[in-house]
């Protein structure tokens, strides 16, 4: 993937280089930018620069703006993380306090009797759809276990071959 990315960037830079080289006359001409707001004191003229310098300046300003925007987003996300971490810690504290309260209630014998009583709301079983038939017996797919006969394993070479003197 790194090689493919490198090759893609080399192709893009090559195409930009070809574009600049073929239009070198345009990029090397010097032009001055003028800003006139129709007020006598508000008229500026930027010194003559090559057109490629203007492209470079605009490119660098775009990069700086993108970095600043990313930095602002990062700060906003850090603030959001801090607030959510605070909410998580407060909820964890609440869980701990509720667990201690529950522990107290469960160990109190009078409250324990009340907890053992039937609940007020009885949960009913959800209705089964028509295609599910609980009456049918499911087939048993398990195979009976294979019982391997007990053979005595030889411990050394003498027991392996009971007749060592005989040849085939």
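The fraction of all Cα pairs in segment 20-116 landing in successive 5 Å bins from 0 to the largest distance is 3, 9, 8, 8, 8, 7, 7, 6, 5, 5, 4, 4, 4, 4, 4, 3, 3, 5, 2, 0, given as whole percents. The simple spin-label model puts a point 7 Å past each Cα toward its Cβ; for residue 104 and residue 71 those points are separated by 5.2 nm. For the listed peptides 33-43, 49-59, a ranking on the average number of other beta carbons within 10 Å per residue, highest first, reads 49-59, 33-43.
Read-outs: derived from the displayed coordinates by stated rules, not from any lab. These numbers come from a predicted model, not from an experiment. All Cβ positions, even for glycine, are placed from backbone atoms using ideal geometry, and neighbour counts span all protein chains on display.
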